[in-house]
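Visitor: If you scroll down you'll find the structure; I have some questions about it.
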Amino acid sequence: MNALLLLSSAMAFSLAALGLWRPAEPFVQRIYPWVPAPALLLGWISSRQAGGAESVTRFPDLLLGVTVGLDDVGRAFLILTAAIWLLAGLYSRRSSMSEGQRRLFRFYFLATYSGTVGLTIAQDAPTFYAAYALMTIGGYGLVIQTRTQAAMIAGRVYIVVGLIGEMLALAGIILAASGSTGFSTREIASSLRTSPSGAWGFWLIFIGFGTKVGLVPLHFWIPRSYYWAPLPAVAVFSGAMTKAGILGWLRFLPPTESLSDSAVILGAGALMAFYGVFFGLVQTQAKTALAFSSLSQMGYPTMALATLMEPGAALERSTAAIVGYSLHHGITKVALFLGLGLLVQSRARPRVRPFVIAALAFCSLALIGFPWTSGAYAKALLKNAGAAGGLWQTVASPLMTLGSIGTTLLMFRFLLLCVRGDHSQAQPARGWISWGLSFAGVLLGAWLLPLSLSLLGIEARPRPSSTESLHMYIPVFFGSLLAAALTHRIWIKRSHLTPRPFDTILQGVYKAVWEDFPRDMNQLTTVVAERLVQIRRRLGIGRRAQRAVEAARRLHTSWALGCALFMAIGALLWAFFAGGAP
Amino acid sequence: MSWSFPVPLLLLITSFVPALLIIMLKEEQKLARTVANLTGAILKVALVAYVAYGVRLGEKFEARFPLISDLEMVLRVDDISLLFLALSSILWLVTTVYAIGYLEGSPNRSRFFCFFSLCVTATMGISLSGNLITFLIFYEMLSLVTYPLIVHRGTEKSLRAGRIYLAYTLAGGTLLMMGTAWVYVLAGPVDFTAGGSLHPFVEGDRGSLVAIFALMMIGLGVKTALVPLHGWLPEAMVAPAPVSALLHAVAVVKAGAFGIIRVVYDVFGAETSDRLGVLAPLAALASFTILYASVRALYQTDLKRRLAYSTIGQLSYIVLGTSIAGPIGTLGALTHLVHQGVMKITLFFCAGNLAEELGISRVDQLDGVGWRMPLTMAAFTIGAFGMIGLPPVAGFVSKWYLGMGAAAAEDYFFVLVLILSSLLNAAYFLPLVHAAWFKSPSPELSARFEARTHARWEISLLLLAPTMTTAAFSLLAGLFAASPYSPLGLARMITRGAYLQ
């Protein structure tokens, strides 16, 4: 089973490479959307058999000893990843791209998939990291799909942040690995708790994987990349790639039972949740509004991670909250992003358009956490996490109500932009079936999410009831009305506000790093080099050295001379030692 | 065993005899020359395989000749030399094929291949030497026989590079000789032994030992291109591509790095060096070199020059690993000795292919070249990813162990150095990879693309095949790192030996 899983990941990459070979192109074009299907199937089968017993398979010769296996959490992420990729792949087949673009899209799509699915089954640190790196590099090709100047810059931002995050995570993993007996993720995680440099490792890994999740202020690649990447790619970025970061956290970060750790992570999560809302509200493009919503939504699993670190935390409930939220957000975001393409496509068909908008509105409700949606369930899970009387339980209620109010405003803004038709970077597509499937997932989410969690062996107790979520929702509803009234200026005007503080900073940094710094360094090195040359000239080293090797220079005309010199040195050595020997 | 006595000598002869044969051949006797070259190279690989098999079975291969009084020339095969032997013999074979293709139709080929073979003879000698004096002899021989290769083109620029090279390496050789002589005066003739043999002198002759160490490190540091002794290496890139490849991956720079490994582990011994407190300055110097060279590489517009600075940085990974106390750092250093060789030779082959086929030598000429020479650029991409340390390419494995070694020795600063270096490597390699695959060529460049179209392959197979082979090695060495036959597996065996005693 595990070998098959590894094979399904490796096969994706092989097919990616095969697709570049002209004769195989039609074949790969035909099957590429179905490449995630085996992994999905295997994930499902493995959840049926074995009854929760985990098995890992070691491939001791591969990499640094590849260990592959599925635990409950890994299986959940595997199924989520494969499902999202399947939907996005089917959808991409029906979206508008030129033939050349399509060819490259296939390559990067499959390569990224190979990495993302690989990391869900990896049970050892080097394999996880290798898959993670493959995912990051592959994603670059997806971001710069359009090859425009702006897309290239977005790609550069993406890869720079991605690599920095990777290196930070690697540093953390290496610190932990040096104090651990083996490289399995479990050993690394426990080494983080015990080794002297564990705290460093912990935060390095948190920030490193956090770049993918979108920790503010390392989030700035997200809106840019989402804006420029084609919709199916954005769907997998938002649905699956951010979850890879979360899985990284789950795999490597041990529950430290420290209030301060928990508080810091909680702060980071809350910052993400509200930062995303504030800057999402003033976006003028539906696609970027959604990107900021992703950022804000990822704040919630981050807060759930904080509950994992609390003293006396119930690990299962926290894990259930993280996994549940990831599943809910993954599917919902895919439906939203893919829906955008159909919205553009249906511009010419006024009879279909209202249905699409209604569907998007329902997905928005799910994100908000409206009763009878998957969102309500996920949020209830989140609310139940954490130790009784702990930090999270104290702040959960007001924090989540405020968060939901924010999300309500943001999603309202998004729908407004959809109705107005501000979605210039969304390419039209006709992937009705794949989108329909993802929408069905959202529609039935309230029922599907608890079912799939229990099937996956992640039992969420106590089960929140729908009346409870209704109660949760009432303050949100009134709060949103109030907030909307207070911010009516944003809604009335066709606002073109796009304050992006990070853009200004980024431009400054960009100029400093790519223009000023090289120039200064060049000047500095030239000055230093000139000074060195002067010193050398003053000392006459060059002249002397030149004279000294003048004889040697003639060597290249005759090999005999070379031999003679060689023998001379031998003789010299001989004389030296013969004379010096006692 | 008596019958295994001449094996180390045979290893030398397999390249020395072809060198003599080739110089006697006429310029136009291409076939004979090629046969001599390839026979030597293939025989050598076979011999190394045989020796490796023997060593695994616990057999000893050793040859001793008296030089003067109690000085002996010792040639023998131990674990560390086996690693270097395997690396240099295999890469020599690959490079020979490449050189035959590369120099097709250019003048002075006999001279070139003669010195090429001599260069490898010297490298073999270095890896086989069993004591300092033998090492020194071959080390000097290597300095000299490489000179004609560097100045092969005979242009003013290459002659200048040759002069600089000789000035640096001969001066370094002298220092090494002084160090060697001092060791002899202090301890008499000592063979390389795992764990070193200078520990009895730590108490009484501490000062001398430190001075010897400094002398030797400066002497060897010239070839290893430790900053500030690196000046010759970027100049030497005017040499033809196969020479650069050999220079940067196997022969010259590796001789220095190998020497440092020998001196630290087999002359002083890891423990003794640690007690002397000489490793910390060496590690600091190596760290500085890593960062300095990576920053300098960012500003090089000449492709081969950029690769040269990258070599300087990467070599110091080996030195850094050697100077970090503990077996994990050693493991990283030994592994990187091989990994850096395979990856860097790939990159130089690619640079050679680009220059040969399209006349590309600057980094700003790479736009869109990936689609004109896909296999070459795929190999380049693998090499570049390896240098950055992205898994599953070999570079990741060595970086992992180097970092772990540093962390285990609680030298967290070096972890930072490695991470920074990886980012800098990314900063100077990824733009090239990006340009090659994602940018569209300028009109002038696309005209060049059009002008030369081969019937079947993007470039002559003699150039393409070696490039692909070494690229495959870089990938496989990483993918199967945990297997006992990988460079990592071999290095692990050596490390176990070095630290158990």
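Visitor: Tell me, what does the Kirkwood hydrodynamic radius of the stretch A:218-265 come to in angstroms if you use every pair of distinct C-alpha atoms?
Guide: 12.7
Visitor: For B:177, B:216, which order do you get if you count the other beta carbons within 10 Å of each Cβ and list the fewest first?
Guide: If I rank by nearby Cβ atoms, fewest first, I get B:177, B:216.
Visitor: How large, in Å, is the stretch A:258-498 by the Kirkwood hydrodynamic radius built from its alpha-carbon pairs?
Guide: Final number for the Kirkwood radius of the stretch A:258-498 is 18.1 Å.
Visitor: Amide H of residue A:427: which non-local residues (sequence gap of 5 or more, or other chain) have their own amide H closer than 5 Å, using H built in the peptide plane?
Guide: Answer set, sorted by chain and number: A:231.
Visitor: Still on this structure: Taking the Cα centre of chain B as origin, work out the dipole magnitude from +1 charges on Lys and Arg Cβ and -1 charges on Asp and Glu Cβ, in debye rounded to 20.
Guide: 880
Visitor: Tell me, what ³J(HN,Hα) does each residue in the stretch B:46-52 have, in order and in whole Hz, if you take phi through Karplus 6.51 cos²θ - 1.76 cosθ + 1.60 with θ = phi - 60° and put x for Gly and Pro?
Guide: Each residue of the stretch B:46-52 in turn: 4, 4, 4, 4, 4, 4, 4 Hz.
Visitor: Sticking with this one: Radius of gyration and Dmax for the stretch A:71-170's Cα atoms, expressed in Å?
Guide: In order Rg, Dmax, the Cα atoms of the stretch A:71-170 give 14.5, 43 Å.
Visitor: Let me know the mean shielding of B:134-142 by other chains, meaning the per-residue number of their Cβ atoms within 10 Å of its Cβ.
Guide: Mean partner shielding for this stretch: 2.
Visitor: I'd like the mean, over residues of A:174-181, of how many other protein chain beta carbons sit within 10 Å of each residue's own Cβ.
Guide: 6
Visitor: PRE reach from residue A:454 (point 7 Å along Cα→Cβ): which of the stretch A:304-337 fall under 17 Å by backbone N?
Guide: Zone members listed by number: A:317, A:320-321, A:324.
Visitor: For the cross-link pairs B:26/B:304; A:212/B:344; B:60/B:399; B:44/B:254; A:287/A:383, which exceed 23 Å when the distance is taken from alpha carbon to alpha carbon?
Guide: B:26/B:304; A:212/B:344; B:60/B:399; A:287/A:383
Visitor: Okay, next question. Can you tell me which of A:77-88, A:311-322 comes out highest on packing, and rank the rest after it, using the mean Cβ neighbours within 10 Å?
Guide: A:77-88, A:311-322
Visitor: Could you put B:235, A:310 in order, starting from the residue whose Cβ has the fewest other Cβ atoms within 10 Å?
Guide: With the sparsest Cβ surroundings first, the list reads B:235, A:310.
Visitor: Per residue of the stretch A:329-334, what does 6.51 cos²θ - 1.76 cosθ + 1.60 with θ = phi - 60° give for ³J(HN,Hα)? Whole Hz please, x for Gly and Pro, Karplus curve as stated.
Guide: Listing the rounded values in order: 5, x, 5, 5, 5, 4 Hz.
Visitor: What are the semi-axes of the equivalent ellipsoid of the stretch A:1-254, taken as the square roots of 5 times the eigenvalues of the Cα gyration tensor, listed largest first and rounded to whole Å?
Guide: In descending order the semi-axes read 29, 23, 14 Å.
Visitor: Any idea what log10 I(q)/I(0) is at q = 0.07, 0.10, 0.16 Å⁻¹ for the stretch B:289-501, Debye with uniform C-alpha scatterers and no solvent?
Guide: Per q value, in the given order, log10 I(q)/I(0) is -0.22, -0.44, -0.98.
Visitor: Moving on. Quick one: go through the stretch A:131-149 and flag any residue whose amide nitrogen is under 19 Å from the point 7 Å out along the Cα-to-Cβ line of residue B:449.
Guide: Taking a point 7 Å out along Cα→Cβ of residue B:449, the residues of the stretch A:131-149 whose backbone N falls under 19 Å are A:141, A:144-149.
Visitor: Something else now. Which residue, B:396, B:345, B:485, has the largest displacement toward the positive end of the dipole of the stretch B:289-501 when charges sit on each Cβ (Lys, Arg +1; Asp, Glu -1)?
Guide: B:485
Visitor: Please give the peptides A:446-453, A:224-231 ranked by average Cβ packing (other Cβ atoms within 10 Å per residue), highest first, as a rough proxy for protection.
Guide: Descending packing order for the listed peptides: A:224-231, A:446-453.
Visitor: So what is the calculated 222 nm ellipticity per residue for the protein assembly as shown, using -39500 (n - 2.57) for each DSSP H run with n of 4 or more, over all residues, to the nearest 500 deg cm²/dmol?
Guide: The helix-only estimate for the protein assembly as shown comes to -25000 deg cm²/dmol at 222 nm.
Visitor: What is the spread of the Cα atoms of chain B along each of their three principal axes, largest first, in whole Å?
Guide: The Cα atoms of chain B stretch 71, 53, 44 Å along their principal axes.
Visitor: Continuing with the same structure: Considering the options A:170, A:434, B:291, tell which one lies farthest towards the positive end of the dipole of the protein assembly as shown, charges being +1 on Lys and Arg and -1 on Asp and Glu at the Cβ, about the Cα centre.
Guide: The one lying farthest along the dipole's positive direction is A:434.
Visitor: Can you compute the charge dipole magnitude of the protein assembly as shown about its Cα centre, using +1 on each Lys and Arg Cβ and -1 on each Asp and Glu Cβ, nothing else charged? Give it in debye, rounded to the nearest 20.
Guide: With only Lys, Arg, Asp and Glu charged at Cβ, the dipole is about 3220 debye.
Visitor: Something else about it: For A:474, B:90, what's the fewest-to-most ordering of other Cβ within 10 Å of each Cβ?
Guide: Lowest count first: A:474, B:90.
Visitor: Using the scaling law 2.2 N^0.38 Å as the reference, what is the normalised Cα Rg of the stretch B:120-214?
Guide: For the stretch B:120-214, the normalised Cα radius of gyration comes out at 1.32.
Visitor: Here's a follow-up. What are the ³J(HN,Hα) couplings of the stretch B:403-411, residue after residue, when phi is run through the Karplus curve with 6.51, -1.76, 1.60 and θ = phi - 60°? Round to Hz, x for glycine and proline.
Guide: 3J(HN,Hα) across the stretch B:403-411, in whole Hz: x, 5, x, 4, 5, 5, 7, 6, 9.
Visitor: Using a 10 Å cut-off on Cβ to Cβ distances, tally the other chain neighbours for every residue of B:162-172 and report the average as a whole number.
Guide: Average per residue, whole number: 4.
Visitor: Once the Cα atoms of the protein assembly as shown are picked out, what are the Rg and Dmax in Å?
Guide: Computed over the Cα atoms of the protein assembly as shown, radius of gyration and Dmax are 31.6, 106 Å.
Visitor: Ranked highest first by the average count of other Cβ atoms within 10 Å around their residues, in what order do B:118-125, B:107-114 fall?
Guide: Highest to lowest by the protection proxy: B:118-125, B:107-114.
Visitor: How large is the charge dipole for the stretch A:1-254, taken about the Cα centre, if only the Cβ atoms of Lys, Arg (+1) and Asp, Glu (-1) carry charge, to the nearest 20 debye?
Guide: Magnitude of the dipole: close to 700 debye.
Visitor: What number does chain A give for Rg over Rh if you use C-alpha atoms and the Kirkwood radius?
Guide: 1.10
Visitor: How many angstrom lie between the Cα centre of the stretch B:83-130 and the Cα centre of the stretch B:344-395?
Guide: 22
Visitor: Go through A:332, A:131, A:529 and say which Cα lies farthest out towards the positive end of the charge dipole of chain A; charges sit on Cβ, +1 for Lys and Arg, -1 for Asp and Glu.
Guide: A:529
Visitor: Tell me which residues come under 5 Å, amide H to amide H, from residue A:184 once H is placed; ignore anything under 5 positions away on its chain.
Guide: Placed amide hydrogens put A:125 under 5 Å from residue A:184.
Quick note: the coordinates plus some simple rules give every number you see, no bench work behind them. Given the structure is predicted, the values throughout are model-derived calculations rather than measurements. Don't worry about glycine lacking a Cβ; one is built from the backbone with ideal geometry, like all the others, and counts go over all protein chains shown.
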